[in-house]
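Accompanying notes for the structure given below.
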Amino acid sequence: MLKLAAAFSLMASSALASGLEIQIAGEGANGVVQIDLFEDLAPKHVEQITALAAAGQYDGVVFHRVIDGFMAQTGDVQYGKQGGDMGRAGMGGSDRPDLPAEFSDRAFERGIIGMARAQNPNSANSQFFIMFKPGYFLNGQYTVVGKVTAGMDVVDAIKLGTGANGSVVGKPDAMTKVTVTK
C-alpha cells in the first residue's frame, strides 16, 4: 500500500510539470516560447529542467551557441548568465548531478528540445538546445526532452553566433524568465 501511495505521489508531481514558458529578449529575438516536455521519454531530464526553472536558475541565461540552420543552445546556469564572462559560457552546468542518458526513438525534428552534453553520453546537466531544422544525425545520440509548441518564430529570430563553433559574439539573446507550466 505504501509503494502504491509513493507511486501515485510521483505520478502526480510529474503531471504538474508538463511544460515551460520561456520569455526571450535581446538584439534578435523578443517574445515567448511554449515548450511541451516529454516526461514519458526523459523523466530524469524533465525533472532536472523543471527543478532548475522553478528555482529561477534559468532566468537571465543567454543563448551562447547558435548555429544557423542547426540549433540554439542555452541553459548554462553556472557560466551563462547575462553580464558574465561569455568566454566560459557553455562550459558549465548546475549544482545538480549529471544525468544518465535517456535516449529514445523520437527524431530530432524542427522545434525539438535536446539536452546538451560533453562527449560522455551520461554528462547532460542543465544545458539544452532547440532545433531550427531536422538533425537526424543526433537521433539516439542525445536525449530528447520536449518540443516547441508555440513561438518558433521567436526561436528563429535568436541572434546567430558568428564566432568559433557558433559562439555568439557581442551581447547574446537571453531567457529573461523561464516558468514551469501545467
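Of the residues Val145, Val77, the single one that is among the aliphatic types (A, V, I, L, M), out of contact with any Pro (no Cβ under 9 Å at 6 or more places or on another chain), closer than 21 Å to Gly56 by Cβ and without any contact (Cβ under 8 Å) to a residue 60 or more places away in the chain is Val77. Criterion applied to Arg88, Arg65, Arg110 was being among the basic types (Lys, Arg), closer than 23 Å to Ile24 by Cα and modelled with pLDDT under 95, and the one residue passing it is Arg88.
For (1) under 13 Å from the mean Cα position of the chain (by Cα); (2) basic (Lys, Arg); (3) in a strand (DSSP E or B), each residue gets a yes or a no:
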residue	(1), (2), (3)
Gln141	no, no, no
Thr149	no, no, yes
Ile158	no, no, no
Val178	yes, no, yes
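Can you confirm whether Met71 is modelled with pLDDT under 95, surrounded by 15 or more Cβ atoms within 10 Å (Cβ to Cβ) and among the aliphatic types (A, V, I, L, M)? So Met71 fails the test. Scanning segment 169-182 for residues that are modelled with pLDDT of 95 or more and of a type in the set (A, V, I, L, M), we see that the one that is surrounded by the fewest Cβ atoms within 10 Å (Cβ to Cβ) is Val180.
Here the condition is being within 16 Å of His45 (Cα to Cα), in contact with a Phe, Trp or Tyr (Cβ under 9 Å, 6 or more places away or on another chain) and among the basic types (Lys, Arg); of Arg96, Arg110, Arg88, Arg106, it holds for Arg106 alone.
Of the residues in segment 125-139, how many are without any contact (Cβ under 8 Å) to a residue 40 or more places away in the chain and either in a loop (DSSP other than H, G, I, E, B) or under 18 Å from Gly75 (Cβ atoms) (or both)? Result for segment 125-139: 3. Among the residues making up segment 114-130, those that are surrounded by 20 or more Cβ atoms within 10 Å (Cβ to Cβ) and touching a Leu at 6+ places or on another chain (Cβ under 8 Å) are Gly114, Met115, Ala124, Asn125, Ser126.
The values are calculated or read from the model by the stated rules, or taken from the named source; none is laboratory data. Predicted model only: the values in this text are computed from it and were never measured. So basically every Cβ, Gly included, is an ideal-geometry build from the backbone, and we count neighbours across all protein chains shown.
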